[in-house]
Amino acid sequence: MKIENPAALRFIIDEDLYLLEKDKTPTTISAPGISAPGPIETPLPGFKYLGLNKKNFLVIVHYAAHEFIDDAHLTALQNILKRKELDLDDVAILNLANHADFTYQQVTTYFKPERLLLMGEKALPKNTNTLPLNQPQALGSSQALYSFSFDEMMSSNDNKKVFWDQMKNL
């Protein structure tokens, strides 16, 4: 049976219905003679991040001792972004240490990244597909690069070179 007006369901089904988390979207229900209280909205999780995400470029890091990222590593990241003609306003830097309970789906739904940089193994959100190290690939609607953490790169020129060779293409 196809129901064109969702408000009519309450006359057909007298049991409680529950939506699964993946099915919840903002909805407005209206019917003639019935006033609805307004849109029903599912709140998105709140993320605390650095940057303005103007170009939908998400950088995920993991720093348990910092709010966002170590200062020396931030300077290195800003230099990398400058070489790609980007600045801090163009990206969002999310410290996964502060958001460990969130899944990949929640993160990407909130940020809607076109490009995604995952810095180190601990920077992988829950339920992230297995990604090969330093090989850009499509991940959902994003072009993703899973690479070394800054700690791993700062101590190895080889790691820096491998990272930059792939980062140029992201």
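Rule-based calculations on the coordinates, nothing more; no lab input. This is a predicted model, so every value here is computed, not measured. Cβ placement follows ideal geometry from the backbone for every residue including glycine, while neighbour counts extend to all protein chains displayed.
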Of the residues in segment 56-83, how many are among the basic types (Lys, Arg) and buried (at least 18 other Cβ atoms within 10 Å of the Cβ)?
0
Return a yes/no flag: does segment 126-142 have any residue that is closer than 16 Å to residue 94 by Cβ, exposed (fewer than 15 other Cβ atoms within 10 Å of the Cβ) and of a type outside the set (Gly, Ala, Ser).
yes
Which listed residue, of 150, 163, 57, is touching a Pro at 6+ places or on another chain (Cβ under 7 Å) and among the aromatic types (Phe, Trp, Tyr):
57
Does segment 90-101 contain at least one residue that is at negative phi and of a type in the set (S, T, N, Q)?
yes
Scan segment 84-98 for residues that are surrounded by fewer than 19 Cβ atoms within 10 Å (Cβ to Cβ) and in contact (Cβ under 8 Å) with a residue 12 or more places away in the chain and jot them down.
84, 86, 88, 89, 90, 97, 98
So residue 101 fits all but one of (1) within 16 Å of residue 81 (Cα to Cα); (2) charged (D, E, K, R); (3) in contact (Cβ under 8 Å) with a residue 24 or more places away in the chain; what number is the exception?
(1)
